[in-house]
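The values are calculated or read from the model by the stated rules, or taken from the named source; none is laboratory data. Note that this is a predicted model, so its numbers are computed, not measured. So basically every Cβ, Gly included, is an ideal-geometry build from the backbone, and we count neighbours across all protein chains shown. Accessible surface is based on the protein model in full, side chains and every heavy atom, while ligands, DNA and RNA are left aside. Shrake-Rupley method; radii C 1.70, N 1.55, O 1.52, S 1.80 Å.
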Amino acid sequence: MIEANSAPEQAPGTIFSHAASNNPTQHSSAPVLSARALRRAYGSTLALDGVDLEILTGESVAIMGPSGSGKSTLLHTLAGIEKPDSGSVLLASSAGQQDITTLGESARSKLRREAFGFVFQSGLLIPELTAVENVAMALMINGLPRAAALPQANQWLSALGLAGMEERRIGQLSGGQAQRVAIARAQVTGAKVIFADEPTGALDSATGTEVLNVLMESTVGRGNTLVMVTHDADVAARCDRIISLRDGKITSETRPGSPNTIAPGAQH
Amino acid sequence: MRTLSLAWLLGKPTAARRAPMLLTAGAYGLVSALVLTTIAGALSFNRIQNELSGMYLMLAGLACVLLIVPLAVLGSAAARLSARSQDLRLSTVRLLGGTPGLVLGITVVESALVAFTGAMAGIALYAGMAPLVGMIQFQGSAIGAAIWLNPGIIALVVLGVVLIAALSSGFGMRKIIVSPLGVRNRSQTPKPRWIRALIVVGLIAGISQAFSMISVFKDLAVMLAVLLGGFALGVGALNLVGPWAVGLIGKAKLKKAETPEKLLAARMILENPAQAWRQVSGIAMTCFVAVVGGSGAALMNMAGTESSPGSPDALLSADVMTGVIITIVVSFISVACSTAITQAATTLDRAELYAGLNMLGVQRSTMEKARVGSVMGPVIGVGLGSIIISGVLVLPLAGMAMIFAPLSVAIILGTLVAGVLAVRGAVALTSTSQTLKLVRID
Ligand SMILES: Nc1ncnc2c1ncn2[C@@H]1O[C@H](COP(=O)(O)OP(=O)(O)OP(=O)(O)O)[C@@H](O)[C@H]1O
Ligand SMILES: [Mg+2]
């Protein structure tokens, strides 16, 4: 679990060294996540109504749709936060494929800590801790000693433009700065897939753009995968693919680079 | 009138607000019951008609002064919880165009109502406990019917509880009105300063001077006043160093912290050392009384049994022991309850954060351990510190008690340990999952 932290590509000095986000990346690679026939009902509401979706390694996918269309439910199901009523979510790892919907709560919790990173609208930072401690916490929870966790966390914060603010508490940061701390925390563990639910939803548009730049560069810019729920069409347009949901179904899939719309389920 | 009708409209306990309201009312109930019982116990010494009656009244007064702090902390914890559970609703009132005055009015009226309800329950609890408490013996006879207070005093206590609730919620709310974000963000941490230690040294010197002159005062009333005044000053002095000492405990823990839960616990203490101190200040004083009073009583007991068993003096020593134990019990009940309330309030405040951290894969147990550490660290640190310091202060007395009356010492230590366990129980009872379940009844 910790081995990912010491992988050379994680050294934050090199975070943006291959931040070639302008080059359209070729996603010939295998899917890192594949969801099949996801169904989830809350009472009589169908939050997910037969969703099939593949997320390829290194791509950025935006999930859009009206309020209540099931975006968050889909994100939570892909990330192993919630279990669907039926269907499967296969996660590719070095050990082969694994259906995460069959795992128990503690195994999924471990997966979320170690393999995934999260950036939510409300940051979810711990107010008593300093910025660097919030980031280091993610490593310490995975078993890294504090003395090793703090320098890594510091490097991440500087790489995301927060040098000099490491010792501030969350209440002493602006909304955009706090969101960068959350982005650092999501990735310091070496997570390969980052899930974001309206990460810029609480920010003004200028700050939102800055935070989005940081998020894109530090994730897909480094070859990792980003799945992001957003209401903002401009934000979505920065992604490789846009999935639109309505009433728990995928209604369309577009690639902002090209004008053609692909029918759902017809990818690759 | 407008305030009243709005307060009624918005104050109706919805399912989500029922839990905090019940907790608050319960706390006021407990405070009222404990205050009533303590006053009744103290006044019951009036029936003692021998040369020791003055002594008894003085000791009872001392116990009351001692219990004021933990009970006041419990009361203000209740007031804060009630204010916090009103936050959200009140900001709606403000958005709808309610003036700050209106918001303040609603808060005060509601807190007063909740406190009144609690106080009524407290009277019932007091009445329920009275037969049991009446069985406690002082000067060889049970308190018995002397435990029943006259209605005038009961009414005064109820009035006091309601007034304090209304006032403290008013003050608490004023801060929120001034800076609506202040509560959530808490960007500044109050920093207790070392200068306080100097003030305290001065105070202690003054107090010991006053005590050394105590034999000069022939008049019992003057002596009593000096003793109580000196004690109150001591309490004040403690409250000056306390936050600083708790801050030291927090810093030491922060330095050593290797696991996430220990790091978080240390930061939770350092977040507001003054508040952490307030929670445990009762314990500091209780431990002091336990050591000094307990050693004294243990030794007196030994001397007493040797001379004439059954004489007022022999009984006095047993009674001091009883009094010390009662003080420990009441004080720890208050601390346990205010801990429960503060913990519940914090968790309710943080429901979203805790649920979110769980999504990130932070296990509930990590947050739980941090919470437990942030409470028990100061409890144990302050308790042990106070026992050691008071032991050193009365070293000959405490040493002799340990050698000659080990059983009494063991009983007192056992009571202290039980008290600490009660606080631990309160923390466990208000686990995040339990507390969040309370709110999710709707
Ligand atoms: N825990 C829950 N209990 C009951 N219903 C739920 C729950 N979570 C989601 N739902 C319902 O499922 C549907 C999809 O919810 P979801 O949160 O996924 O929507 P969303 O697209 O993220 O909306 P928004 O843009 O408002 O965040 C909605 O109708 C919602 O009311
Ligand atoms: Mg959503």
Notebook entry, point to check: Nearest 10 degrees, 0 to 90: what angle lies between the long axis of helix A:205-218 and the longest principal axis of chain A (Cα atoms)?
Noted result: 90
Checklist line | Exceeding the 18 Å Cα-Cα cut-off - candidates A:Lys192/B:Lys262; B:Lys262/B:Lys369; A:Lys71/A:Lys249; B:Lys262/B:Lys437; A:Lys83/B:Lys437 | finding: A:Lys192/B:Lys262; B:Lys262/B:Lys437; A:Lys83/B:Lys437
Item checked: Scattering curve values for segment A:112-166, log₁₀ I(q)/I(0), Debye with Cα scatterers, q = 0.25 Å⁻¹ -> -1.14
Checklist line | Degrees between helix A:105-114 axis and first principal axis of chain A (Cα, 0 to 90, nearest 10) | finding: 60
Checklist line | Dipole magnitude of segment A:123-234 about its Cα centre (Cβ charges: Lys, Arg +1; Asp, Glu -1), debye to nearest 20 | finding: 440
Item checked: Threshold 20 Å² - residues in segment B:340-354 whose accessible area is reduced by that much or more when the chain is no longer isolated, probe 1.4 Å -> B:Arg350, B:Glu352, B:Leu353
Item checked: Interface residues in segment A:127-160 - accessible area drops by 30 Å² or more relative to the isolated chain, probe 1.4 Å -> A:Pro127, A:Glu128, A:Leu129, A:Glu133, A:Met137, A:Met140, A:Ile141, A:Arg146
Item checked: Probe 1.4 Å, all protein chains present, accessible-area order of A:His231, A:His76, largest first -> A:His231, A:His76
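With a 1.4 Å probe and every protein chain left in place, work out the accessible area per residue of segment B:258-360 in Å², rounded to a whole number.
Details: 3160 Å² over 103 residues.
For segment B:258-360, the solvent-accessible area averages 31 Å² per residue.
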Notebook entry, point to check: Got a sec? What order do A:Asp204, A:Asp197, A:Asp232 fall in by accessible area at 1.4 Å, biggest, i.e. largest, first?
Noted result: A:Asp204, A:Asp232, A:Asp197
Margin query: How many Å² of accessible surface get buried when A and B come together, counting both sides, probe radius 1.4 Å, rounded to the nearest 100?
Written below: 2500
Note to self: Which order do you get for A:Arg255, B:Arg424 if you rank them by accessible area with a 1.4 Å probe, largest at the top?
What the structure shows: B:Arg424, A:Arg255
Checklist line | Residues losing 30 Å² or more accessible surface upon assembly, segment B:245-283, compared with the chain by itself, 1.4 Å | finding: B:Glu258, B:Pro260, B:Leu263, B:Leu264, B:Arg267, B:Glu271
Next item on the list: With an 8 Å cut-off on Cα pairs and a minimum separation of 6 or more residues, tell me the relative contact order of segment A:125-268 in percent.
Entry: 18
Note to self: For chain A, what does the relative contact order come out to in percent, with C-alpha contacts under 8 Å and a separation of six or more?
What the structure shows: 27
Checklist line | Rounded, prolate or oblate (a/c below 1.5 giving rounded, otherwise prolate when a/b exceeds b/c) for chain A by Cα gyration tensor | finding: prolate
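Can you work out the accessible area per residue across segment A:22-173, with the rest of the protein chains kept in place, probe 1.4 Å, in square angstrom? All intermediate terms of the calculation are to be shown ahead of the outcome.
Numbers: 5770 Å² over 152 residues.
Here the residues of segment A:22-173 average 38 Å² of exposed surface.
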